[in-house]
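These notes are about the structure you will find just below.
The values are calculated or read from the model by the stated rules, or taken from the named source; none is laboratory data. From a predicted model like this one, the values you see are computed outputs, not experimental measurements. Using ideal geometry, Cβ is built from the backbone for each residue, glycine included, and neighbour counts are taken over all protein chains shown.
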Amino acid sequence: MPCYRCGARQTDPDHGPSPWRRGVREDRQVLICPDCQNGLDWAGELDHCTACGSTTLVCRLGEVECRTCGQVRAAERTPETRVSAGAPGLSEEVAAALSRVLRRGPTT
Ligand SMILES: [Zn+2]
Ligand SMILES: [Zn+2]
């Protein structure tokens, strides 16, 4: 998962804990690279625990858990994957596109 701000790829250090920060933003798990942690109000952009205000949140299957106090709340936004999978008409579109491809057959 790349940094949500600059898109940098995470590199694990040889020793010690990763300087990358995990958080949840708009009910999505995000990572913040060390560069983006410098001098930016990155914590202000992240979701905060409604109970203790911590940003050490973990997002998983429709819920957000606070690693500081253990509070779990339902994610307000449906994960993107589920939205597209459940979008009406999408499977029909895919099926139509597939049948078009199949009908055309190999062109090479
Ligand atoms: Zn970054
Ligand atoms: Zn909390």
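Listing for the model above:
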| item | result |
| --- | --- |
| Where a residue in the stretch 24-45 is aliphatic (A, V, I, L, M) and its partner, wherever it lies, is in a helix (DSSP H, G or I) and away from ligand 2 (no atom under 16 Å from the Cβ), with Cβ under 7 Å and at least six apart | Ile32/Trp42 |
| Positions within the stretch 1-48 being assigned to a loop (DSSP other than H, G, I, E, B), away from ligand 1 (no atom under 15 Å from the Cβ) and within 12 Å of the chain's Cα centre (by Cα), in sequence order | Glu26, Asp27 |
| From Ala96, Ala75, Ala85, residue being at pLDDT below 90 and in contact with a Gly (Cβ under 7 Å, 6 or more places away or on another chain) | Ala75 |
| Members of the stretch 5-33 that are exposed (fewer than 10 other Cβ atoms within 10 Å of the Cβ) and at positive phi | Gly7, Gly16 |
| Filter result (in a loop (DSSP other than H, G, I, E, B) and either surrounded by 12 or more Cβ atoms within 10 Å (Cβ to Cβ) or within 13 Å of ligand 2 (Cβ to nearest atom) (or both)) within the stretch 54-71 | Ser54, Thr55, Thr56, Gly62, Arg67, Thr68, Cys69, Gly70, Gln71 |
| Ala51 being in a helix (DSSP H, G or I) and within 16 Å of ligand 2 (Cβ to nearest atom) | no |
| Whichever residue in the stretch 29-70 is within 15 Å of Tyr4 (Cβ to Cβ) and among the charged types (D, E, K, R) and, among such residues, is modelled with the highest pLDDT | Asp47 |
